[in-house]
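The values are calculated or read from the model by the stated rules, or taken from the named source; none is laboratory data. Please read all numbers here as calculations on a predicted model, not as lab measurements. Here the Cβ positions follow ideal geometry from the backbone for every residue, glycine too, while neighbour counts run over all protein chains shown. Please note that ligands, DNA and RNA were not included when accessible areas were found on the heavy atoms of the full protein model with its side chains. Shrake-Rupley method; radii C 1.70, N 1.55, O 1.52, S 1.80 Å.
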Amino acid sequence: MDLKHSAGGAGENSETFIATSKSTDMITPKEKEGKGLKAAGGHNPPAEGYKVYARRWAVLILFVFYSSSNAMQWIQYTIINNIITRYYGISDKWVDWTSMIYMILYIPLIFPGSWFLDKVGLRITALVGIVGTCVGAWIKVFSVDPSLFYVSFIGQSIVALAQVCILSLPARLAAVWFGPDQVSSATSVGVFGNQLGVAVGFVLPPMLVPNSPDLETVGSDLQMMFYLVAGLTSILLVLMVIFFQDKPPTPPSAAQEAAQLLESSGAEQVSFMQSLKNLMTNRNFIFLLLSYGINVGVFYAISTLLNPVVLKYYPGHEVDAGRIGLSIVLAGMLGSVVSGIVLDKTHKFKETTLAVYALSMVGMWIFTFTLDTGHIAVVYLTASLLGFFMTGYLPVGFEFGAELTFPEPEGTSSGLLNASAQTFGICFTLFYSELFTTFGDIAANITMAVMLIVGTIITAITQSDLRRQNAQVPASGQAGNP
């Protein structure tokens, strides 16, 4: 699948370089390099322009399915909470931990994971992730017995470990493979993979494992579900080994060329710890860490506790609980794509981030006070509205982070954003669960809505320092976007 690249560019065939696109398949560099290239030593751009390769779409689509295979297992148990507790004879808190283990294991491994991505690149990191996802899925196959919940939890923990090699990849993959007019959309599609997996995780378990009074039937249904997931991850493992590539023959943009030159320059290469220090002393990025963590943490809490919240008002509607979760994520996938297109067209990163965040907050208030209407169709509608903005915010936050921190590695900034999300996710999930048990869903949801107000305020005071965009424009005083 890897096609040879002609040094002069004249020998490129249509499969490697598509010349018919208006702006995204041939990106002509400016006459003078931006700040990024100057920092890399004043390297002159190629005379024929920056090229992107058709194979980038195959790499991105493969990543989407790879990410989905891991994310679908995150919510696999909690969306059928009442069935799992009855089959294994455990408390619902243990079922909640099958979700929170994803968040807990990610936090201490984010720095090693980011370092690993920077050192070995996209391909090796992705292969390690798919192997872990596949192994964990197969372990669950052998956990179908009421006394073997610990085996299932071990398998879930291994899958959770593998996500370290997934969550930081979308922004890095987009920057390495896509030109400046497509990088935000590509990041959105990459994040779309995680959302697709969560969507499947919401809807598939209630369909495959209905609430049967016979425990043997439940066990048989669980076995089928685990075999299906294990088989899917095995197929993806083979495809990843064969087709997933590390990077294109040539960089797709001036900013990426500058980043690659910095990485390859021994004199100017910034160590991982120095890069980390640069990020943690970046005031605007710290604000983004807080606001991003709050938004995604609220989403994690709602997703984890969706089953008991829906069943409180609509008993026996386990399948609807899963479908409402599906509605949240599908709407969010649409929101992600729309947000990515808006960013690519306007480059208004701060404005888009603030608008999406504020609308997420509004959606949360609406969702809170429509659960008890008695019409489950209303819950579908308000949950979809919430999901469009809350889940649609994910790629926007990634891209804003990449802009604020350029030329630091995208994997490191994305990793820190995910670590913040996991930290807030753990805290909010535990807090939401306690509030729900003690005071009910209204108090729990209002608390989450107030947290989103705080996040909106933090987003509003974050300055728009678009460093990556500035690396694409001439250095002769014409900073900013046309």
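Some values worked out for this structure:
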read-out: Tabulated pairs, the range 271-298, first within 24 Å of residue 354 (Cα to Cα), second open to solvent by 40 Å² or more (accessible area, probe 1.4 Å) and polar (S, T, N, Q), C-beta under 6 angstrom, 6+ apart or interchain; value: 284/463
read-out: Given (1) closer than 21 Å to residue 413 by Cβ; (2) outside any helix (DSSP H, G or I), number of the condition residue 316 does not satisfy; value: (1)
read-out: Checklist (1) over 17 Å from residue 441 (Cα atoms); (2) open to solvent by 70 Å² or more (accessible area, probe 1.4 Å) applied to residue 365, failing item; value: (1)
read-out: Hits in the range 416-445 (condition: in a helix (DSSP H, G or I) and over 23 Å from residue 98 (Cβ atoms)); value: 416, 417, 442, 443
read-out: Any hit, the range 378-400, residues being within 17 Å of residue 344 (Cα to Cα) and touching a Lys or Arg at 6+ places or on another chain (Cβ under 8 Å); value: yes
read-out: Qualifying position, being within 27 Å of residue 376 (Cβ to Cβ) and at pLDDT 90 or above, among 359, 290; value: 359
read-out: All positions within the range 157-174 that are open to solvent by 10 Å² or more (accessible area, probe 1.4 Å) and touching an Asp or Glu at 6+ places or on another chain (Cβ under 6 Å); value: 172
read-out: Members of the range 300-356 that are among the acidic types (Asp, Glu) and open to solvent by 40 Å² or more (accessible area, probe 1.4 Å); value: 351
read-out: Residues being of a type in the set (S, T, N, Q) and free of Cβ contacts under 8 Å to residues at least 40 places away in the same chain - total across the range 353-386; value: 3
read-out: The range 326-342 residues that are outside the structural domain of residue 198 (by the TED database), paired with ones that are open to solvent by 10 Å² or more (accessible area, probe 1.4 Å) and not in a helix (DSSP H, G or I) (beta carbon under 8 Å, 6 or more apart); value: 342/348
read-out: Pair list, Cβ under 7 Å, 6 or more apart: the range 130-145 residue open to solvent by 40 Å² or more (accessible area, probe 1.4 Å), other residue in a helix (DSSP H, G or I); value: 131/237; 135/158; 138/230; 139/151; 139/154; 139/155; 139/158; 142/151
read-out: Which numbered condition residue 200 misses (of (1) farther than 30 Å from residue 316 by Cα; (2) modelled with pLDDT under 90); value: (1)
read-out: Residue in the range 181-201 that is out of contact with any helix residue (DSSP H, G or I) (no Cβ under 6 Å at 6 or more places or on another chain) and closer than 14 Å to residue 69 by Cα present; value: yes
read-out: Residue list for the range 180-219, filter: in contact (Cβ under 8 Å) with a residue 24 or more places away in the chain, open to solvent by 50 Å² or more (accessible area, probe 1.4 Å) and within 15 Å of residue 145 (Cα to Cα); value: 215
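For every residue, the table says whether it meets (1) within 17 Å of residue 351 (Cα to Cα); (2) at pLDDT 95 or above; (3) surrounded by 18 or more Cβ atoms within 10 Å (Cβ to Cβ).
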| residue | (1), (2), (3) |
| --- | --- |
| 425 | no, no, yes |
| 428 | no, no, yes |
| 431 | no, no, no |
| 439 | no, no, no |
| 444 | no, no, yes |
| 461 | yes, no, no |
| 464 | yes, no, no |
| 467 | yes, no, yes |
